[in-house]
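Data block below; observations after.
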Amino acid sequence: MVLIIFGALFLICIVLFCIAKIFHSKFFGRRFTPDPLVKLYTKEEFGLQSDEAEFKCGKDTLRGAFYYLTGFEPDKIVVYCHGMWSTHKSYMQDIGWLCKAGFKVFGFDYTGTDISDGKNIVGMANSLRCTNAAVNFIKTGCAAKNIYVIGHSWGAFAASNIGKYHPDIKAVVAIAPFLSLRHSFGSLLHGASRVLIPFLYLADFTRCGKFSFASAVKTQKNFKGKCMVIASVDDHMVNYERNALALSKAVPAVKLVTETGKMHNPHYTQEAVRRLVEYSKTSQQLKGEELKAYKQSIDFHKLGELDDAVMEQIADFLKQA
């Protein structure tokens, strides 16, 4: 009887793992290529100089560039970690702002993203996996003694956890972060489907290895550098109370900057967020030539305008670290 029960439980676990693998593969099993109709900010608009660079992450070659302006501080470098279904060039306004503040910034694309190699974006922990490779690359080939890491959303998971693997990093800034895969999958799944969470962990582990089990709470309790978290209380993608607020309560040393009305982009202006929401709703209702014409009519710069007050807090935080 006991063997029958254990056999049944084992079979159930196998079935659930197979379901989790299918779910995981459908979500992460494709590349991201930017929409050519979405006109992003460019480095030329900020007068940035750049040096292209590439490095290995596993078997894949990742690519990016060092961005800077004349007079940057040579002993300081910021690694910028982009969000999911985007590229580091989607954050050129952020990179340009930081360069104007005197930093040299390294922006790069994760596996399966735009200019980097890879058949797909691998898994949820891939942002941390790739960021770890990027920091290793900088440590071996860059003269900068002080390394800082900034990330948004998927990249914020990487930023808030990179200190686990590189405790000598001076400071990290996590913008709208989820703290762990449990928090992320927990936001995606509801009701009975939450039973899949441990199996999704396992599915992600088969693709991303040890990075899948990183937890920002555990990382920040042991991190000797400084950490700032920026989040909006009305974030519809990453729950504020279960992530940003929970981290600041668990680790009082973490500096929490709270915004309102910014949703998943707390470093944007409220008007930019309003325009972004309007664009998202309208574009979902259109197809074909109508959608193409609508995108061509949009000034995407207005959808990505930065809140100077928030960016100044980031720059000051990094300079004081």
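Within the bounds of segment 271-279, is there any residue that is open to solvent by less than 40 Å² (accessible area, probe 1.4 Å) and over 22 Å from residue 314 (Cβ atoms)?
Kept after step one, since they are open to solvent by less than 40 Å² (accessible area, probe 1.4 Å), are these residues of segment 271-279: 272-273, 279.
Filter once more, keeping what is over 22 Å from residue 314 (Cβ atoms): 279.
There is at least one residue in segment 271-279 that is open to solvent by less than 40 Å² (accessible area, probe 1.4 Å) and over 22 Å from residue 314 (Cβ atoms).
Those residues that are assigned to a loop (DSSP other than H, G, I, E, B), of a type in the set (Val, Ile, Thr) and open to solvent by less than 10 Å² (accessible area, probe 1.4 Å), I need them from segment 99-121; list them, please.
Initially, segment 99-121 is screened for residues assigned to a loop (DSSP other than H, G, I, E, B), giving 101-103, 109-112, 114-121.
From what is left, the residues that are of a type in the set (Val, Ile, Thr) are 111, 115, 121.
Hits for segment 99-121 are 111, 121.
Please identify the pairs in which a residue from segment 58-78 that is without any contact (Cβ under 8 Å) to a residue 40 or more places away in the chain has its Cβ atom under 7 Å from the Cβ atom of a residue that is of a type in the set (Phe, Trp, Tyr) and open to solvent by 30 Å² or more (accessible area, probe 1.4 Å), counting only partners at least 6 apart or on another chain.
Taking only residues 6 or more apart or on different chains, not a single pair turns up.
What single numbered condition from (1) in a helix (DSSP H, G or I); (2) buried (at least 21 other Cβ atoms within 10 Å of the Cβ); (3) β-branched (Val, Ile, Thr) fails to hold for residue 140?
(2)
Taking segment 167-196 only, how many residues are assigned to a helix (DSSP H, G or I), open to solvent by less than 10 Å² (accessible area, probe 1.4 Å) and of a type in the set (A, V, I, L, M)?
Number satisfying all stated conditions: 1.
Go through segment 97-125 and report how many residues are polar (S, T, N, Q) and within 17 Å of residue 26 (Cβ to Cβ).
Taking segment 97-125 and keeping what is polar (S, T, N, Q), we get 111, 113, 116, 120.
From the residues that got through so far, the ones that are within 17 Å of residue 26 (Cβ to Cβ) too are 120.
Within segment 97-125, residues that are polar (S, T, N, Q) and within 17 Å of residue 26 (Cβ to Cβ) number 1.
Identify, from the list 218, 262, 255, the residue that is open to solvent by 10 Å² or more (accessible area, probe 1.4 Å) and either under 25 Å from residue 98 (Cα atoms) or at pLDDT below 95 (or both).
Result: 255 is the single residue among 218, 262, 255 that is open to solvent by 10 Å² or more (accessible area, probe 1.4 Å) and either under 25 Å from residue 98 (Cα atoms) or at pLDDT below 95 (or both).
Going through segment 197-231 one residue at a time, which ones are under 19 Å from residue 156 (Cβ atoms), basic (Lys, Arg) and in a helix (DSSP H, G or I)?
Step one: of segment 197-231, the residues under 19 Å from residue 156 (Cβ atoms) are 204, 208, 211-223, 225-231.
The next check asks that each one be basic (Lys, Arg); those that pass are 218, 221, 226.
Result: 218, 221.
The values are calculated or read from the model by the stated rules, or taken from the named source; none is laboratory data. Because the structure is a prediction, the values reported are computed rather than measured. Here Cβ is always computed from backbone atoms with ideal geometry, including for glycine, and neighbour counts include all displayed protein chains. Keep in mind that these areas ignore ligands, DNA and RNA; they rest on the heavy atoms of the full protein, side chains included. Shrake-Rupley method; radii C 1.70, N 1.55, O 1.52, S 1.80 Å.
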